[in-house]
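One structure below.
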Amino acid sequence: MILVVLENQRGKIHPFSVESVVAGQKIAKSLNQPLSILCVGDNIDPIHESAKQFDCSELILASHPLLKTYSADGFSKIIVDLIKSYSPKYCIFGHSYMVRDYVPRVSANLSIPFISDITSINLSSQNIQFSKQVFNAKLSSRIENESTNGCLLSFQSAAFSADELIKGAPEKVTNFEVQLSDSDIRSTTEEEFQESSSGVDLSTAELIVSVGRGIDNQDNIPIAEELAKVLGAELASSRPVVDMGWLPPFRQIGSSGQTVSPKLYFALGISGAIQHVVGMKGSKNIIAINKDEEAPIFEIADYAVIGDLLEIAPLLTEELRKR
Amino acid sequence: MKIAVLTKAIPSYESLIRIDTSSKWIDDSIVNYVINESDAYALEEALKIRESLADNSEVVVVSMGSEDKCSKIIKDGLAKGADRAILIDSQEKISDPLSIATLISDCIKDEQFDLVFSGLQSDDLGSGQVGVLLGEKLKMSTATLAIETQIQPSAIRVKRELESGWFQWLTLPLPASISIQSGINNPRYPSLKGIMGARNKEVAKLNSNQFSNNKLQSMVELYIPSNEKQTKKIEGDSKSVVSRILEVLKNDLRIIQ
């Protein structure tokens, strides 16, 4: 069987999980295997309700009060127990922060591989091949599973499109008896919270000028600010710029920041690591300036400007001011 | 307290990345190897904890790979203030994260570390798994993406980054393995005194061949990703590039008049 694990994100199925159901449906079909989908957590009724619309052989419900708050100990134990009793050929997840936190524990516990952060698969080769980005997205690698005892997979956002989801109804619904006690969970967890932002909602911005590591140092930030100002754009950044303290965290785009889809995304000195790209690939138009001709941002850019942003951006600002 | 910091040597951002003739690795001869960025933050966090405790706590840098790639980042770690280093000398390029974690586990399990810190992800193969895998192997509690830490007598309180600007504090009993998010602190530069002192610090070399390596996933090939879009290239001198961008903004995108 093929098993897909749904993540409960504050009462809704995590969007990456929906995409991983699509992955599961395709893999199950290709290997002629039954597909089971797992709802796991404390209050799983809302996600169970949504999961009932997915075409699959079986919906498995695994609920326990100790899963109310997430813990790596609790969640990895459930998945280990499930894999032991179901022996799925592939156990599939969305590549979320939660999955990154506990699924390696399952891999080490069961000595089965975890192929993570997959961006595409090739089902037509003799062994299924999984592709992922490596070397800062400059290259991709093809990976094969060598284990006969099962394999864990996690799919990066947009590896599969939720539009391809096959709707239907599970043939059966099974309850999995969760064995979990207080002593299994070593950590104590506090409430989740959002850090106060200064009210900049980049997700509604029509135009964004975004700055990356290529800006070189903090003294050059005004170059991006001036260009944003003259275009009437919001200023944003990639993670390294925030890490170095050159711009505040609420300006950050990417998996740990905001997700945007402006009419124009003007990327200045951004290399295009996947963690950034997931937050801006929905932009209608992307202009990228980078002096590295091989920067991965150029693969998703509509206009690839190869050159020195420290020269080009000020000149562009000057020309725009003249208008 | 004994703290291990996993540090990996990876190609610098500026390095040219070319696939070698085996199609399974990159041409190392044109690559400059540096410390993985988030590992540098992990090391700084460990050094800060040792300084805050002001007891006989110890920070140990652990690197795996060939000696020529790792020696520079080990020296740098010792110069910044790590007490000693363990080099797991491996000529073979192991890409399977569980094999890597198993090897490291075999090499360091007798050390009985209280804490293992690692960067959240390596910027080369980027599985983002080794810290957690190692934690499970050593029966430690684990957490990832730590953006703040507070050390307690036999526990560590960690602020964990969740998605889209959410955070959560959790407290883990020791021993614990924690992966550190970049941006958690300001990594220091080595002092001259530190550089001089590093020469006398211990670097234990272990040969990975003496441990078993049972590969569960294999990288069959590296390739150059294909372009998803019809990208229009704009290049030339800055002046002509700028006038071309202005045309795009005006005629293609209709953003300016």
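Just so it is clear, none of the values below were taken in a lab; they were calculated from the coordinates. Just so it is clear, the model here is predicted, and its values are computed rather than measured. Glycine gets a Cβ as well: all are built from the backbone with ideal geometry, and neighbour counts include every protein chain shown.
Give, rounded to the nearest 20 debye, the magnitude of the charge dipole that chain B has about its Cα centre when Lys and Arg contribute +1 at Cβ and Asp and Glu contribute -1 at Cβ. List each step's numbers first, then the result.
Numbers: 31 positive and 35 negative charges, 89 e Å.
The calculation lands at about 420 debye.
Please sort B:120-131, B:232-243, A:108-119, A:24-35 by packing, taking for each peptide the average over its residues of neighbouring beta carbons within 10 angstrom, highest first.
Values: B:120-131: 24.7, B:232-243: 15.2, A:108-119: 21.7, A:24-35: 17.9.
Put in order of decreasing packing, that is B:120-131, A:108-119, A:24-35, B:232-243.
If you put +1 on each Lys and Arg Cβ and -1 on each Asp and Glu Cβ, how big is the dipole of segment A:1-63 around its Cα centre, in Debye rounded to 20? If you can, show how the numbers build up before the last one.
On the way: 5 positive and 7 negative charges, 37 e Å.
The dipole of segment A:1-63 has a size of about 180 debye.
Give me the distance between the Cα centres of segment A:141-176 and segment A:85-138, rounded to whole Å.
10
Give, as ranges by residue number, the residues of segment A:17-53 whose backbone N falls under 20 Å from the point 7 Å along Cα→Cβ of B:VAL220.
Correct set: A:23-24, A:26-33.
Please report how far the C-alpha centroid of segment B:46-110 lies from that of segment A:1-70, rounded to the nearest whole angstrom.
When both Cα centres are located, 39 Å separates them.
Chain A: percent of C-alpha pairs farther apart than 32 Å? Show your work: numbers first, answer last.
Details: 19756 of 52003 pairs.
Cα-Cα pairs of chain A separated by over 32 Å account for 38 percent.
Would you grab the residues whose amide H sits under 5 Å from the one on B:ARG84? Only those 5+ places off in sequence or on another chain, please, with H modelled 1.01 Å from N.
Residues meeting the amide H criterion: B:VAL59, B:VAL61.
For segment B:147-215 and segment A:207-228, what is the separation of their Cα centres, given in Å?
31
Relative contact order (percent) for chain B, with alpha-carbon contacts under 8 angstrom and 6 or more residues of separation? Please list the in-between numbers first.
Values: 486 pairs, mean separation 59.6, N = 257.
Averaging sequence separation for qualifying contacts and normalising by length gives 23 percent for chain B.
Return the sequence-ordered ³J(HN,Hα) values of segment A:71-82 in whole Hz as given by the Karplus equation 6.51 cos²θ - 1.76 cosθ + 1.60 applied to θ = phi - 60°, using x for Gly and Pro.
For segment A:71-82, the Karplus curve yields 9, 4, 4, x, 5, 5, 5, 4, 5, 4, 4, 5 Hz.
Within a Cβ distance under 11 Å of A:ASP55, other residues only, what is the Lys/Arg minus Asp/Glu net charge?
Working: positive: A:LYS29, A:LYS52, A:LYS167; negative: A:GLU171.
Residues close to A:ASP55 contribute a combined charge of +2.
Counting only helical runs of four or more DSSP H residues, what would the 222 nm mean residue ellipticity of the protein assembly as shown come to if each run contributes -39,500 (n - 2.57) and the total is spread over all its residues? If you can, show how the numbers build up before the last one.
Values: 15 runs with 158 residues, N = 580.
Estimated from H runs of four or more residues: -8000 deg cm²/dmol.
Indicate, rounded to the nearest 5 percent, the antiparallel portion of the DSSP beta bridges found entirely in the protein assembly as shown.
Working: 40 of 119 bridges.
Among the beta bridges of the protein assembly as shown, antiparallel pairing accounts for roughly 35 percent.
Testing the spin-label approximation: label points 7 Å from Cα along Cα→Cβ at A:GLU319 and B:GLU111. State their distance in nm.
5.5
Quick one: if the Förster radius is 51 Å, what FRET efficiency do B:GLN210 and B:ASP252 give, using the C-beta to C-beta distance and rounding to 0.05?
After rounding to 0.05, the efficiency reads 0.25.
Quick one: in segment A:165-305, what % of C-alpha pairs are over 20 Å apart? Let's see the in-between values first.
On the way: 5279 of 9870 pairs.
Value for segment A:165-305: 53 percent of Cα pairs lie more than 20 Å apart.
Could you tell me the relative contact order of segment A:111-172? Use alpha-carbon pairs under 8 Å, at least six residues apart, and round to a whole percent.
Working: 86 pairs, mean separation 23.3, N = 62.
Averaging sequence separation for qualifying contacts and normalising by length gives 38 percent for segment A:111-172.
Once amide H atoms are placed 1.01 Å from N in the peptide plane, what residues at a sequence separation of 5 or more from B:SER182, or on another chain, have their amide H within under 5 Å of its amide H?
For B:SER182, whose amide H was placed from the backbone, the distant partners under 5 Å are B:LEU120.
In segment A:178-228, which GluC sites (Glu not before Pro) are in a loop and have at most 16 other Cβ atoms within 10 Å, using DSSP for the loop call? Display every interim value, and only then the final one.
Details: sites: A:GLU190, A:GLU191, A:GLU192, A:GLU195, A:GLU206, A:GLU225, A:GLU226; in loops: A:GLU195, A:GLU206.
Taking segment A:178-228 and a limit of 16 other Cβ atoms within 10 Å, the loop GluC sites (Glu not before Pro) found are A:GLU195, A:GLU206.
Lysines within cross-link reach of A:LYS172: Cα-Cα under 17 Å, excluding same-chain residues under 8 positions apart?
A:LYS52
How large is log10 of I(q)/I(0) for the protein assembly as shown at q = 0.07, 0.09, 0.12 Å⁻¹ when the intensity is taken from the Debye formula with one equal scatterer per alpha-carbon?
-0.42, -0.71, -1.26
Once the other residues with Cβ under 13 Å from the Cβ of B:GLU136 are scored (Lys, Arg +1; Asp, Glu -1), what is the net sum?
Values: positive: A:LYS77, A:ARG105, A:ARG186, B:LYS109, B:LYS137, B:LYS139; negative: A:ASP73, A:ASP101.
Here the charged neighbours net out to +4.
Would you mind giving the mean number of other chain beta-carbons within 10 Å of the Cβ of each residue in B:132-139, as a whole number? Kindly include the intermediate steps, with their values, before the conclusion.
Numbers: counts 12, 6, 2, 4, 10, 3, 1, 0.
Other-chain Cβ atoms within 10 Å of each residue's Cβ, averaged: 5.
Just want to confirm a number: the relative contact order over chain A, from Cα pairs under 8 angstrom separated by 6+ residues, in percent. Walk me through the intermediate numbers first.
Working: 671 pairs, mean separation 48.4, N = 323.
It comes to 15 percent, rounded to a whole number.
What do you get for the angle between helix B:97-108 and the principal long axis of chain B? Use alpha-carbon atoms, 0 to 90 degrees, nearest ten.
Tilt relative to chain B: about 30 degrees.
Taking θ = phi - 60°, what integer Hz values does the Karplus form 6.51 cos²θ - 1.76 cosθ + 1.60 yield along segment B:170-180, in sequence order, with x for Gly and Pro?
9, 10, 10, x, 7, x, 9, 10, 10, 8, 9
In segment B:132-230, what trypsin sites (Lys or Arg not before Pro) fall in a loop by DSSP, with at most 11 other Cβ atoms inside 10 Å?
On the way: sites: B:LYS137, B:LYS139, B:ARG157, B:LYS159, B:ARG160, B:ARG188, B:LYS193, B:ARG199, B:LYS201, B:LYS205, B:LYS215, B:LYS229; in loops: B:LYS139, B:ARG188, B:ARG199, B:LYS201, B:LYS215, B:LYS229.
When the trypsin sites (Lys or Arg not before Pro) of segment B:132-230 are filtered for loop state and at most 11 Cβ neighbours within 10 Å, B:LYS139, B:ARG199 remain.
What is the diffusion coefficient of segment B:46-105 in µm²/s, taking the Kirkwood radius over Cα pairs and the Stokes-Einstein relation at 25 °C with a viscosity of 0.890 mPa s? The partial results should precede the final answer.
Values: Rh = 12.7 Å.
In µm²/s, the coefficient is 192.
Sequence-distant or interchain residues sharing an amide H contact under 5 Å with A:GLN129, placed H: which?
Excluding prolines and chain starts, which carry no amide H, the hits are A:ASN122.
Which number comes out as Rg/Rh for chain B once both Rg and the Kirkwood Rh are worked out on C-alpha atoms?
On the way: Rg = 21.5 Å, Rh = 20.3 Å.
For chain B, the value is 1.06.
In whole Hz, with x marking every Gly and Pro, tabulate ³J(HN,Hα) for segment A:149-160 from phi via Karplus 6.51 cos²θ - 1.76 cosθ + 1.60, θ = phi - 60°.
Working through the residues one at a time gives 9, x, 7, 9, 10, 10, 9, 5, 3, 6, 4, 10 Hz.
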